[in-house]
1. Going 7 Å from the Cα of A158 along its beta-carbon direction, which residues of segment 175-205 have the amide nitrogen within less than 15 Å of the resulting point?
2. Please give the FRET efficiency for E233 paired with Q128, using the beta carbon to beta carbon distance and R0 = 35 Å, rounded to the nearest 0.05.
3. Length gain on complete extension for the stretch R121 to D259, per 0.36 nm per residue less the alpha carbon to alpha carbon distance?
4. May I ask you to order 315-325, 225-235 by the average number of other C-beta atoms within 10 Å around their residues, highest value first?
5. Which entries of K309/K334; K243/K309; K93/K170; K135/K243; K93/K135; K170/K309 show an alpha-carbon separation above 26 angstrom in the structure shown?
6. Show me 195-202, 106-113 ranked by packing, highest mean number of other Cβ atoms within 10 Å first.
7. Take the Cα atoms of segment 54-214, find their three principal axes, and give me the spread along each one in whole Å, biggest first.
Amino acid sequence: MKDRHLPLILGGAAGAFALASLFGRRAAAAPEAPDLAAPLFELGRPVETDVHAIVSSGWARPRGDRLHRALDIPMPEGTPVLAVDAGTVIRAKTTATGDAGRWVGVSHASGLISRYIHLSRTLVSVGQVVARGEKVGLSGNTGRSSGPHLHLDLRVPAAMLVAVERAAGKPRSGWGPEMKPYGYSVPGEPWVPVDEYRAIVKREAAEQGIPLLTVAAHRNAGLVYRPVGARGEPYPEWLRSIKGSSGVYVIRERDRDGDPVTVYVGESHSSRLYETLTRHFQEWRRWKGFWRDQYGEGHDPGLTYPRDKVDVAIKVTTSSAAIDEEARLIRRLKPRDNLIGQPALEEVPF
Ligand SMILES: [Zn+2]
């Protein structure tokens, strides 16, 4: 099934949460400066939206002579645990032995590895490719755990620490020690959207200089707009990195004065975000009737835009969240070209 290009406005709030660019540390003088590091670290929730995810213990909490370099999120045993990003399962420990008990590790295209620890059950196997938001296990209380919770940590190879530091700052206690083959622990607080943090976590995060990311902040985070190069050039790496993802995109065109005009918001809920977005830059195919001939009526790419005159922002989402997120962005941004030929875009008053 192809993605829709003439979106309807849906009444419901978005169910799952998508990533947005986070807590950008951009200078006030240059609000649109490309932040190349940001999209690599946009993660999704580790639990469904009906689970109230409160972090009870965060990166800085001492545990004996060590710091606890992870997020602890209490939840009833058996709660589905979701991959915070698309990736490949690199570990699925199915026995409840050892400190970690049952756990799953997922390696992401960004270079991050997310680990889901103390599970009651694993639902994936090594080598399996998982989507963002896909269930990887059920939460539990296995291993060295004092109560039912998810222990979620993020690890990166040493070479990525500079990029992490640029995007989120370096915690005062330094990065977590390397743990082969999973790399250094990095704080999950700036990356993983949760509902709340306990006061002690807030205090310690402030002391460590670690930004906190709540779902509300996540949803309202600014979009990062970047150029997509000129006709004939390869697409930039950040854009190619969305291949295989679902999500939404926003296209802005620079007017004669160089001011940005939001022209189009689109989505893919079938892991074709890259293809759906880049169709808007394939003018030659349009003239040749390519889409109609190849795919039949109704699959025209819609409006096309000159690549060298636009900037694009993307948000990778779960496939189930893409349509709601698109509707939300259309309401918020009022793109010029989504409105053409559309029925009146009215908010449903509830
Ligand atoms: Zn923990």
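1. Zone members listed by number: 175-185.
2. Once the sixth-power term is evaluated, E becomes 0.50.
3. Result for the pair: 44.4 nm of gain on full extension.
4. Result, highest mean Cβ count within 10 Å first: 315-325, 225-235.
5. Details: K309/K334 19 Å; K243/K309 23 Å; K93/K170 31 Å; K135/K243 21 Å; K93/K135 15 Å; K170/K309 36 Å.
Exceeds cut-off: K93/K170; K170/K309.
6. On the way: 195-202: 16.4, 106-113: 20.4.
Ranking, from highest mean packing down: 106-113, 195-202.
7. Principal extents (Cα only, largest first): 36, 32, 29 Å.
Coordinate-derived values only; no laboratory data. Predicted, not measured: the structure shown is a model, and the values here were computed from it. Backbone-built Cβ (ideal geometry, glycine too); neighbour counts: all protein chains shown.
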